[in-house]
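Inspection log for the structure reproduced underneath, given as structure tokens.
The values are calculated or read from the model by the stated rules, or taken from the named source; none is laboratory data. Keep in mind it's a predicted model, so treat the numbers as computed, not measured. FYI the Cβ positions are ideal-geometry reconstructions off the backbone, even for glycines, and counts take in every protein chain you see.
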Amino acid sequence: MMIFPSKRCFITGGGSGIGRGLAVALARQGTRVIIAGRRIEALQEVCKANPGIEAYALDITDRSALVRAAIEVPGKFGAVDCLVNNAGVQRMHDLKKSMPLDFCDLEIDTNLRSLMSCTAAFLPHLLAQPSARIVNVTSGLAYVPYAVMPVYCATKAALRSFTLSLRHQLRTTAVRVIELSPPAVSTELHDYMGPKGRGIGIPLEEFVREAMEALNSGSEEIHVANAKNLFANPVESFARLNG
Ligand SMILES: NC(=O)c1ccc[n+]([C@@H]2O[C@H](COP(=O)([O-])OP(=O)(O)OC[C@H]3O[C@@H](n4cnc5c(N)ncnc54)[C@H](OP(=O)(O)O)[C@@H]3O)[C@@H](O)[C@H]2O)c1
């Protein structure tokens with residue numbers, strides 16, 4: 001069986017949810033993993049329970065910290081041949097009411113601008129490896145907006161577009177660019193909705209199983225579960241999702 005060919009992988013937002021699930025699955029296959037996030041206790045908990053995973057405290061919206069990370073992480077842990085841009089935040093906005101512009105900024109900054117900066121910071125190091133990968137975690141909502149989350153969906157659509165351009169520009173290099181598009185998954189992402197938040201989406205284990213199968217098979221366009229349907233039938237899906 002082929003496995004995802006990464007010796008050392010850096011995952012943003014690896015202290016919870018999808019990032020943690022991918023970190024644990026990759027570590028079990030023998031990839032050394034470094035997980036990054038703001039909550040050091042969450043990162044350390046994952047490391048304690050899973051040999052092969054190490055923690056790096058990082059706020060990806062801090063530009064100078066990102067530049068430092070691209071030097072410090074390979075310096076401390078060794079060469080990195082995979083960057084998983086996974087950290088993200090989500091909110092709902094009623095556009096008829098006053099929009100909290102500062103939170104729009106936070107979504108755009110976290111989900112898009114910081115992800116581009118993280119890619120730019122790590123790219124020289126990745127290009128220096130014999131073979132490397134960048135995995136951008138988008139969403140099924142990159143193809144079909146769920147109108148109650150207008151900013152979130154716009155950031156994911158823009159990230160999908162950026163990923164296509166990045167892949168094209170790097171096509172003659174040894175860096176492969178992968179889009180990993182989840183459906184709704186039960187994680188902390190929806191905790192801002194209150195107790196019903198965790199009831200949304202497929203179980204994390206189910207997501208990780210399908211995502212890892214696709215990563216191990218070498219796919220570069222990965223739409224998991226219902227994200228396939230959103231990608232294939234955007235018009236019908238928009239009506240169903242927003243109906
Ligand atoms: N769950 C879903 O239904 C779903 C569906 C489609 C796509 N996705 C995408 O999957 C990715 C992971 O989300 P998830 O569902 O696993 O939610 P999650 O459990 O809330 O994970 C998000 C992670 O991002 C980290 N993060 C947020 N802001 C950060 C910052 N400024 N700097 C560093 N790390 C930051 C958080 O860690 P700290 O708070 O410790 O920093 C957290 O570990 C996101 O990009 C999300 O949009 C999720």
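Leu58 fulfils the conditions (1) more than 9 Å from the ligand (Cβ to nearest atom); (2) among the aliphatic types (A, V, I, L, M); (3) under 25 Å from Leu159 (Cβ atoms) except for a single criterion, (1). If I filter the range 183-195 for residues that are within 29 Å of Ile3 (Cβ to Cβ), assigned to a helix (DSSP H, G or I) and touching a Ser or Thr at 6+ places or on another chain (Cβ under 8 Å), do I get at least one hit? Yes, the conditions are met somewhere in the range 183-195. Only residues that are out of contact with any Gly (no Cβ under 8 Å at 6 or more places or on another chain), more than 10 Å from the ligand (Cβ to nearest atom) and not aliphatic (A, V, I, L, M) were counted in the range 29-49, giving 4. Note on the range 97-120: residues that are farther than 14 Å from Ala154 by Cα and charged (D, E, K, R) total 2.
Matching residues to (1) within 16 Å of the chain's Cα centre (by Cα); (2) modelled with pLDDT of 95 or more:
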| residue | (1), (2) |
| --- | --- |
| Arg198 | no, no |
| Ala214 | yes, yes |
| Glu221 | yes, yes |
| Ala232 | no, yes |
| Glu236 | no, yes |
| Arg240 | no, yes |
| Gly243 | no, no |
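As a summary of the residue check, Asp81 satisfies the conditions (1) within 16 Å of the ligand (Cβ to nearest atom); (2) more than 18 Å from Ala158 (Cα to Cα); (3) in contact (Cβ under 8 Å) with a residue 60 or more places away in the chain except for the one numbered (1). Check whether at least one residue in the range 100-115 is within 14 Å of the ligand (Cβ to nearest atom) and part of a loop (DSSP other than H, G, I, E, B), and report yes or no. Taking every residue of the range 100-115 in turn, none turns out to be within 14 Å of the ligand (Cβ to nearest atom) and part of a loop (DSSP other than H, G, I, E, B). The number of residues in the range 1-17 that are more than 17 Å from Ser131 (Cα to Cα), aliphatic (A, V, I, L, M) and surrounded by fewer than 24 Cβ atoms within 10 Å (Cβ to Cβ) comes to 1.
Screening the range 65-87 for residues that are touching a strand residue (DSSP E or B) at 6+ places or on another chain (Cβ under 7 Å) and of a type in the set (Gly, Ala, Ser) and picking the one that is nearest to Pro130 (Cα to Cα) gives Ala79.
The condition of being under 18 Å from the mean Cα position of the chain (by Cα), part of a loop (DSSP other than H, G, I, E, B) and surrounded by 14 or more Cβ atoms within 10 Å (Cβ to Cβ) holds for only one of Ala69, Ala55, Ala87, that being Ala87.
For the range 1-28, a tally of residues being within 12 Å of the ligand (Cβ to nearest atom) and of a type in the set (S, T, N, Q) returns 2.
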